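So the structure is just underneath, and the comments pick up after that.
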2 protein chains.
Amino acid sequence: MDSVSQIVDHAEQHCASRGTRLTNKRKHVLRSLLRSGKALSAYELIDECKIRFENTLPATSMYRILDFLSKERLVHRLSMANKYVACSHITCDHECEASQFLICIHCQKVKEVRISQSTVTDLQATIGHAGFHLATTQFEINCICDGCALTTT
Amino acid sequence: MDSVSQIVDHAEQHCASRGTRLTNKRKHVLRSLLRSGKALSAYELIDECKIRFENTLPATSMYRILDFLSKERLVHRLSMANKYVACSHITCDHECEASQFLICIHCQKVKEVRISQSTVTDLQATIGHAGFHLATTQFEINCICDGCALTTT
DNA sequence: AGATTAAATGATATGTTATAACGTTTCCTA
DNA sequence: TAGGAAACGTTATAACATATCATTTAATCT
């Protein structure tokens, strides 16, 4: 299990190799997401950065930073929840083209999984018949996590 | 192909049989959604009702009406797009438990499809292994429709 | 080092989506 | 037709997001 610092270091190298910079403010946002282990809204992240790093970011900057981190594929936007989550593949060669996000509708916990290619192929067939095709394979799926399933029943 | 009026009539009977009422304002919203054939935001629906029916609804009422129509399963909320769409199964015995929504990220066109049970089963297995289970089988999938695929390439 | 330029960030305002709290109207039914 | 519930309106505000323009910071070149 990588520590947050190790992941951030890795992310910094990832950016450097792409000619971009993981600035301190960007690191603060990424660290906040990594430490929380769940999806956070832009405004929750503003609060986190203020508390943890005494870094009061305006909303504009936060959205810019989240946009940057998304483009670097270090963070994913979950549009179902209007929240943001750290990519779980930052260190492991960073292949996240075909990730799916399971989002607990109770506690917001997020798990990034990969469904089988055959399932994707099945889906694509259904979608193709309907006159559409996939824009991305980064699905978001509303779920209930085992923890919440126990406590809410 | 049912006309909008026929579908609204059917919806009215559906409500009556459940002891609820499809009021004029609720009909206006449903008609607007049916006629547009795509997903609309609450505020776009306010504009539609104002233009088509000279019925100026406040936001509070619109959200209440959308909530009512959702509970009656006449309308679905698309949380990825923050928009609302008429159920495509209002007339045909109205079974929409296992519907999936293909949303064109360019033109907002929405198609309600049903993926195969085997695909659902595959998905459930993957999700179960990750310590989650499905909250609903009403997935939302970001797509590009064939029309937009032609014009944007 | 100092000038130049591009990237990053800040400030301000506003747009968009959604809900809370409370008051009024409408409509069904006893 | 009185009473109560459902529907709807008013007002205010919360939560999420972006547009525009100004300023600061950092890399680069001489």
_Of all residues making up segment B:12-40, the number that are within 14 Å of another protein chain (Cβ to nearest Cβ) and within 14 Å of DNA strand D (Cβ to nearest atom)_ = 0
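Among the candidates A:90, A:141, single out the residue that is away from DNA strand C (no atom under 16 Å from the Cβ), under 18 Å from the mean Cα position of the chain (by Cα), within 14 Å of chain B (Cβ to nearest Cβ) and in contact (Cβ under 8 Å) with a residue 40 or more places away in the chain.
Numbers: A:90 fails: within 14 Å of chain B (Cβ to nearest Cβ).
Sole residue among the options that is away from DNA strand C (no atom under 16 Å from the Cβ), under 18 Å from the mean Cα position of the chain (by Cα), within 14 Å of chain B (Cβ to nearest Cβ) and in contact (Cβ under 8 Å) with a residue 40 or more places away in the chain: A:141.
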*Which numbered condition residue A:43 fails, given (1) more than 16 Å from the chain's Cα centre (by Cα); (2) within 13 Å of DNA strand D (Cβ to nearest atom)*: (1)
*Sort out which residues of segment A:108-124 are without any contact (Cβ under 8 Å) to a residue 24 or more places away in the chain, among the β-branched types (Val, Ile, Thr) and either touching a Phe, Trp or Tyr at 6+ places or on another chain (Cβ under 7 Å) or more than 7 Å from chain B (Cβ to nearest Cβ) (or both), and write them in order of number.*
A:120, A:121
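Give the number of residues within segment A:101-148 that are among the hydrophobic types (A, V, I, L, M, F, W, C) and touching a Cys at 6+ places or on another chain (Cβ under 9 Å). So that I can check it myself, show each step before the final result.
The initial filter retains those residues of segment A:101-148 that are among the hydrophobic types (A, V, I, L, M, F, W, C), namely A:101-105, A:107, A:110, A:113, A:115, A:120, A:123, A:125, A:127, A:130, A:132, A:134-135, A:139, A:141, A:143-145, A:148.
Next cut, touching a Cys at 6+ places or on another chain (Cβ under 9 Å) only: A:102-105, A:107, A:110, A:127, A:130, A:132, A:134-135, A:143-145, A:148.
Going through segment A:101-148 one residue at a time, the tally reaches 15.
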_Taking the conditions exactly as written (farther than 17 Å from residue A:119 by Cα and not acidic (Asp, Glu)), does residue B:120 satisfy them or not?_
no
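Are any of the residues in segment A:41-55 in contact (Cβ under 8 Å) with a residue 40 or more places away in the chain and not hydrophobic (A, V, I, L, M, F, W, C)? Reasoning before the result, please.
Step one: of segment A:41-55, the residues in contact (Cβ under 8 Å) with a residue 40 or more places away in the chain are A:41-42.
Within this subset, residues satisfying the condition of being not hydrophobic (A, V, I, L, M, F, W, C) are A:41.
The answer is yes; a qualifying residue exists.
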_Residues that are over 15 Å from the mean Cα position of the chain (by Cα), of a type outside the set (Ser, Thr, Tyr) and within 16 Å of DNA strand C (Cβ to nearest atom): does segment B:64-78 have at least one?_
yes
*Quick one: in segment A:56-87, of everything that is small (Gly, Ala, Ser) and within 12 Å of DNA strand D (Cβ to nearest atom), which residue is nearest to the other protein chains (Cβ to nearest Cβ)?*
A:79
*Quick check, is residue A:127 facing another protein chain (nearest Cβ under 10 Å), touching a helix residue (DSSP H, G or I) at 6+ places or on another chain (Cβ under 7 Å) and either surrounded by 18 or more Cβ atoms within 10 Å (Cβ to Cβ) or in a helix (DSSP H, G or I) (or both)?*
no
*Out of (1) away from DNA strand C (no atom under 14 Å from the Cβ); (2) outside any helix (DSSP H, G or I); (3) surrounded by 20 or more Cβ atoms within 10 Å (Cβ to Cβ), what's the single condition that is false for residue B:112?*
(3)
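No lab work stands behind these numbers, since they all come straight from the coordinates. Keep in mind the model is a prediction, meaning the values are calculated, not measured. When we count neighbours, we look across all protein chains shown, and the Cβ atoms used for this are built from the backbone with ideal geometry, even at glycine.
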